[in-house]
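A.B. asks: Dropping the structure in here first, questions after.
Derivation of every value follows stated rules applied to the coordinates shown; laboratory data play no part. Model, not experiment: these values are computed from the prediction. Backbone-built Cβ (ideal geometry, glycine too); neighbour counts: all protein chains shown.
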Amino acid sequence: MRIIGITGGIASGKSTVTDILKKRFNYIVIDADQLARQAVEPESPGLKKIIMAFGETVIDENGELNRSMLGEIIANNDHARTKLNAMIHPEVKKLYDQQISFYRKSGIPTVFYDCPLLFETNLQNTVDETILVVADKEIRIERIMNRDNLTREQAIRRIEMQMSDEEKIALADTIIENNGSMNDLLITINVYFSRRKLLVR
C-alpha cells in the first residue's frame with residue numbers, strides 16, 4: 001500500500017485538495033485533525049494528559065476540551081504549544097497506525113494522509129511520498145481575514161506561527177500551487193495524477 005502525505009500552511013487550500021481527492025476521485029484520506037479530536041475525547045488518555053499539564057480550566061461543563069481556551073493558552077506561548085504537541089502526537093499516532101493497519105489488510109492500494117504538521121513533527125519519513133499545497137502569502141492573508149473575520153495583523157501572526165513554506169518546499173516531493181480558481185486546482189491535481197501514474201478511481 002502506498003501512503004501519500006498531504007500538508008500545507010493555514011489558508012493554503014490543503015483542505016480543498018483533500019476534499020477533491022475524497023469527493024471527486026474517491027480516494028481514502030486519513031485526517032490528522034480528526035484523529036487529534038478523537039485523541040482528546042472525554043476520558044481519553046490524551047485529554048487526561050492535557051488536564052494535568054494545563055489545568056481544569058481547559059475543560060468545559062460537559063467534560064470536553066475547551067479548544068478556544070486551550071488555543072488562547074498556546075497562541076503566544078511556543079513552550080506551551082510544543083508541550084501540547086508532545087502529548088497529543090503519540091495518541092494520534094496510535095489511532096493512525098490502527099487505520100493504516102485496517103486499510104492495508106483490506107488491500108487498499110493508495111491512502112492519503114492529511115497532516116498539517118507533517119514536516120514539523122518529522123513524519124515525512126513515515127509516508128512514501130509528500131505533497132505540499134502552497135499559496136502566495138497575500139492570498140493566504142486575505143483568505144484568513146475573510147474566513148475567520150480577523151485583522152490583517154492577526155492573519156499574519158497565524159501564518160508566522162507555522163513553519164515557513166520555504167522550509168517545507170525543501171522537504172516536499174510534490175508542490176501543488178493553489179493561487180487560482182477551483183478549475184485551476186483541478187487541472188493541477190490531474191497533472192499530478194498523470195505524472196505519478198495513479199489511477200483516478
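A.B. asks: For segment 66-153, just list the percent of Cα-Cα distances falling in each 10 Å bin from zero outward, please.
C.D. replies: So the P(r) values, bin by bin, are 12, 31, 36, 18, 3.
A.B. asks: Pairs Lys22/Lys137; Lys94/Lys168; Lys23/Lys168; Lys22/Lys93; Lys48/Lys137: which are spaced more than 29 Å apart, C-alpha to C-alpha? Walk me through the intermediate numbers first.
C.D. replies: Numbers: Lys22/Lys137 27 Å; Lys94/Lys168 25 Å; Lys23/Lys168 27 Å; Lys22/Lys93 22 Å; Lys48/Lys137 37 Å.
In this structure, Lys48/Lys137 exceed 29 Å between Cα atoms.
A.B. asks: So if I place +1 on the C-beta of Lys and Arg and -1 on the C-beta of Asp and Glu, and nothing else carries charge, what would the dipole magnitude of the chain be about its Cα centre? I want it in debye, nearest 20. Don't skip to the answer; put the middle values down first.
C.D. replies: Numbers: 27 positive and 29 negative charges, 166 e Å.
I would put it at about 800 debye.
A.B. asks: Let me ask something else about it. To the nearest 500 deg cm²/dmol, what mean residue ellipticity at 222 nm is calculated for the chain from DSSP H runs of n ≥ 4 alone, each contributing -39,500 (n - 2.57), summed and divided by the residues? Intermediate values should be presented prior to the final figure.
C.D. replies: Details: 9 runs with 106 residues, N = 201.
Taken over the chain, the calculation gives -16500 deg cm²/dmol.
A.B. asks: Would you mind pulling out the separation of the Cα centroids of segment 113-128 and segment 1-75, in Å?
C.D. replies: Here the answer is 14 Å between Cα centres.
A.B. asks: Something else now. Report relative contact order for the chain in percent, whole number only (criteria: Cα-Cα under 8 Å, sequence separation at least 6).
C.D. replies: On the way: 235 pairs, mean separation 72.9, N = 201.
It comes to 36 percent, rounded to a whole number.
A.B. asks: While we're here: Who wins for biggest fluctuation among Val40, Val134, Val191 in a Gaussian network model of the chain, springs between alpha carbons below 10 Å?
C.D. replies: Highest fluctuation among the options: Val191.
A.B. asks: In nanometres, what is the gap between the two model label sites at Lys105 and Ile10, each 7 Å from Cα along Cα-to-Cβ?
C.D. replies: Taking the two extended label points, one gets 3.9 nm.
A.B. asks: While we're here: Taking just the alpha-carbon atoms of the chain, what radius of gyration and Dmax come out, in angstrom?
C.D. replies: Final numbers for Rg and Dmax: 17.7, 51 Å.
A.B. asks: Still on this structure, please answer the following. Report, by chain and number, residues whose modeled amide H sits under 5 Å from the one on Arg2, excluding near sequence neighbours (fewer than 5 apart, same chain).
C.D. replies: Those lying under 5 Å, H to H, from Arg2 are Thr110, Val111.
A.B. asks: I would also like to ask the following. When ranked by the protection proxy of mean other Cβ atoms within 10 Å per residue, highest first, what sequence do the peptides 87-94, 158-165, 2-9 form? Walk me through the numbers on the way to the answer.
C.D. replies: Values: 87-94: 18.1, 158-165: 15.2, 2-9: 22.5.
Peptide ranking by packing, descending: 2-9, 87-94, 158-165.
A.B. asks: Return the sequence-ordered ³J(HN,Hα) values of segment 126-141 in whole Hz as given by the Karplus equation 6.51 cos²θ - 1.76 cosθ + 1.60 applied to θ = phi - 60°, using x for Gly and Pro.
C.D. replies: Result, ordered by residue: 9, 10, 7, 7, 10, 10, 10, 9, 10, 8, 4, 4, 5, 5, 5, 4 Hz.
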